[in-house]
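Worksheet: one structure, shown below.
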Amino acid sequence: MTLPAEIDARAFDDLHDDPAAWRPVVESLARELGVAAADVHQESEGTVLVARLAHDRVLKLYPPFLRDHFEFERAMLARLHGRLRVPTPQLLSDGERDGWPWFVMTQMRGEPLTASWPAMNEAERCALLREIGALAREVHALPVGPVAALAPPWDEFIARQRDRCVQRHERTGLPAHLLALVPAFVAGPLPEGPPVLLTGEYTPFNLFTTANRLSAMFDFGDGLVGPREYDWLGPQCFLVAGDARRSAAFMEGLGVGVTEAMRLSLMRLLLLHRYSHLKAQVKIDGWQDLRSFEELAARLWPLP
């Protein structure tokens with residue numbers, strides 16, 4: 001099979017959702033890497049084509065229109081591996097097939113946090129949130145280095161997100177009374193600070209645990225370089241979910257506290273996030289009935 005040199009997002013989604021259509025490609029690449037076809041296990045999740053090779057490697061194959069994500073993730077793998085308290089994948093090899101970039105990395109071990117979180121008690125959840133906060137703090141302390149050149153300039157990224165914000169939230173089903181408030185609200189001040197490495201992935205979908213402790217972090221293709229607060233949004237939505245004890249534990253791991261002004265800027269940043277979709281991300285009962293983003297921010301980021 002030859003991969004199409006030109007493909008748009010919709011056609012790629014169709015290909016992604018038809019594993020039989022792209023299996024010959026990953027089998028061919030696997031053979032070149034010394035892996036038998038029987039040891040190729042395709043993954044259905046993710047935004048690119050992913051396959052596990054045997055029991056120790058992972059292949060990621062990017063469509064040409066996501067080459068910038070490929071280059072960012074490849075650089076992040078090299079920047080993070082061996083420098084954190086939690087293992088991250090090691091880049092093993094990379095190349096290109098029909099204009100589609102790919103790389104192979106080591107496979108991480110553990111139980112997906114999506115599976116382990118529901119069974120944890122509150123003390124275990126708070127302990128894990130401290131770990132996640134501390135991990136983010138470690139990443140944010142690393143030198144950005146040449147990775148900065150592979151990310152869109154933060155001001156340009158935010159300007160594009162503001163331009164598209166109303167359309168995005170209309171498409172994702174934000175209640176009409178809140179949608180009407182979006183333009184004026186997101187025009188307000190955002191978090192400011194020195195640029196750091198942003199993985200955007202401190203969420204249940206990109207963390208593994210072992211015995212309810214963090215054991216791995218992975219997937220950095222949609223990362224950015226910008227203020228550290230961008231990386232606080234995923235854990236606060238998916239895991240903290242407005243619980244004051246959990247929020248305090250996460251912020252303790254980060255080594256900072258939340259103020260009223262800060263939580264309003266965080267709320268704006270959440271609306272401007274690359275994948276903002278409040279109906280899928282906010283895990284607080286009844287939030288859609290709140291009358292303002294100020295009220296929602298108070299629920300998402302409870303003050304001590």
Given the residues 257, 253, which is the only one that is more than 15 Å from residue 298 (Cα to Cα) and either of a type outside the set (A, V, I, L, M, F, W, C) or under 20 Å from the mean Cα position of the chain (by Cα) (or both)? 253
Checking the structure you have, find out if any residue of region 207-217 is charged (D, E, K, R), at pLDDT 95 or above and surrounded by fewer than 22 Cβ atoms within 10 Å (Cβ to Cβ). yes
Would you point out which residue out of 148, 127 is in contact with a strand residue (DSSP E or B) (Cβ under 7 Å, 6 or more places away or on another chain), of a type in the set (A, V, I, L, M, F, W, C), more than 22 Å from residue 266 (Cα to Cα) and assigned to a helix (DSSP H, G or I)? 148
Quick one: count up the residues across region 155-178 that are closer than 15 Å to residue 269 by Cα and either of a type in the set (Lys, Arg) or surrounded by 15 or more Cβ atoms within 10 Å (Cβ to Cβ) (or both). 10
Go through region 131-184 and give me each residue that's in contact (Cβ under 8 Å) with a residue 40 or more places away in the chain and acidic (Asp, Glu). 131, 138
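Matching residues to (1) at positive phi; (2) of a type outside the set (S, T, N, Q); (3) part of a loop (DSSP other than H, G, I, E, B); (4) more than 16 Å from the chain's Cα centre (by Cα):
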position	(1), (2), (3), (4)
38	no, yes, no, yes
51	no, yes, no, yes
66	no, yes, no, no
83	no, yes, yes, yes
Candidates 33, 80 - the one that is surrounded by fewer than 17 Cβ atoms within 10 Å (Cβ to Cβ) and in contact (Cβ under 8 Å) with a residue 60 or more places away in the chain: 33
Of all the residues that make up region 207-248, how many are of a type in the set (A, V, I, L, M) and closer than 16 Å to residue 284 by Cβ? 5
Counting only residues that are in contact with a Gly (Cβ under 7 Å, 6 or more places away or on another chain) and buried (at least 21 other Cβ atoms within 10 Å of the Cβ), give me the helices (runs of 4 or more DSSP H) lying completely in region 221-304 with at least 2 of them. 244-254
Has region 207-215 got at least one residue that is in a strand (DSSP E or B), of a type in the set (Gly, Ala, Ser), under 28 Å from residue 103 (Cβ atoms) and assigned by TED's automatic domain parsing to the domain that holds residue 116? yes
Can you work out which of the residues in region 113-126 that are crowded, with 16+ Cβ neighbours inside 10 Å and of a type outside the set (S, T, N, Q) is nearest to residue 63 (Cα to Cα)? 113
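The values are calculated or read from the model by the stated rules, or taken from the named source; none is laboratory data. Since the model is a prediction, treat every value here as computed from it, not as a measurement. Neighbour counts run over all protein chains shown; Cβ positions are idealised from the backbone, glycine included.
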